[in-house]
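Data first, discussion second: the structure below is written as structure tokens.
Just so it is clear, none of the values below were taken in a lab; they were calculated from the coordinates. Small disclaimer: the values here were computed from a predicted structure and weren't measured. Note: ideal-geometry Cβ built from the backbone for every residue, glycine included; neighbour counts use all protein chains shown.
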Amino acid sequence: MFVGVTSFVQPQFISHRHWPASPSYTPYAAVSEISDINETDLTSEGIAELIEVSFLQSCLQLNQGYIDVLKLFIVAVKVGYERSIPLSELNQLVVDCPVNSAGRDLMAEEKALRVEWMKVVYELLNALNSNSIDSSCILIDDNEDINKRVSQVVKSIVTIQSDLRTEETNSGGEKDAKVALNNLSVEQAIEASSILLELKESTLSDPMGAAFLTNDIRVALTTFRVLQEEELCMEGSSGNTSSKDVPRPPIPGTG
């Protein structure tokens with residue numbers, strides 16, 4: 001559960017007309033629904049609208065143990081990154097989006113959480129792509145605490161991925177790094193990283209900071225899931241995907 005942050009999101013304020021509820025909506029469908037989004041004539045404003053609409057829906061689903069709509073949020077942000085839209089510019093487009101899916105003005109904490117999720121996706125994708133875009137495109141504000149937290153989360157998750165790949169190599173392929181990363185929980189990620197453990201301990205007296213940290217780690221892990229499922233979608237289109245590789249419907253509490 002996401003106590004301290006998503007508790008601000010009130011269900012009665014949010015329209016549910018945009019996406020179907022879980023569990024009938026599988027994560028495979030969530031990703032494939034806009035997996036070819038770059039092939040459309042979607043404008044920067046259109047990307048911002050997808051982010052705006054999916055954010056609060058993501059929070060509500062996370063409280064129920066699902067990550068389907070969070071994946072849609074991540075894919076939309078990913079398109080912004082792939083088009084080299086500076087994060088500050090994309091965030092402003094989201095803020096200025098005429099679509100108000102909440103039916104009210106977002107609270108400061110909600111806006112802060114949304115842009116921090118966006119920053120996690122941008123920084124993680126950039127780390128995985130050898131910093132293909134200039135770091136200035138990822139800056140969002142002068143808040144050193146936020147920048148440090150996101151950078152450390154991204155660094156830690158990338159390190160965990162590297163360690164799992166090493167384990168796979170050392171096991172002769174017996175251990176699957178992708179499967180292990182896909183199944184990694186937030187708690188397991190913290191236990192596997194001294195940096196994340198230190199960050200967690202630093203937020204013991206800061207419930208809001210602890211909630212933001214938990215969310216950042218979950219968004220980073222889910223971004224890896226999105227990348228893997230996009231890869232499976234592409235392999236599936238060429239007939240190379242085995243049935244055991246196809247993502248299964250979400251199970252409450254395991255996302």
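Cross-linked pairs K119/K175; K175/K200; K78/K155: Cα-Cα separations exceed 26 Å for K119/K175; K175/K200. Each Lys and Arg adds +1 at its Cβ and each Asp and Glu adds -1 at its Cβ; summed about the Cα centre, the range 41-120 shows a dipole of about 220 debye. The dipole here belongs to the range 160-232: it is taken about the Cα centre, uses +1 on the Cβ of Lys and Arg and -1 on the Cβ of Asp and Glu, and is about 80 debye.
The modelled label-to-label distance for the pair N182/N143, using points 7 Å beyond Cα in the direction of Cβ, is 3.4 nm. For the range 80-141, a crude dipole built from +1 on the beta carbon of Lys and Arg and -1 on the beta carbon of Asp and Glu, taken about the Cα centre, is about 120 debye to the nearest 20. Among 69-76, 82-89, 212-219, the peptide with the highest mean count of other Cβ atoms within 10 Å heads the list, and the full ranking is 69-76, 212-219, 82-89. Each label was represented as a point 7 Å from its Cα along the Cα-to-Cβ direction; for D105 and E198 these points are 4.0 nm apart. Remark: spin-label model distance E231-E45 equals 3.7 nm, labels positioned 7 Å along the Cα→Cβ axis.
Since only I138, L181, S205 are under comparison, the one whose Cα sits farthest along the positive direction of the charge dipole of the range 123-208, derived from C-beta charges on Lys, Arg, Asp and Glu, is L181.
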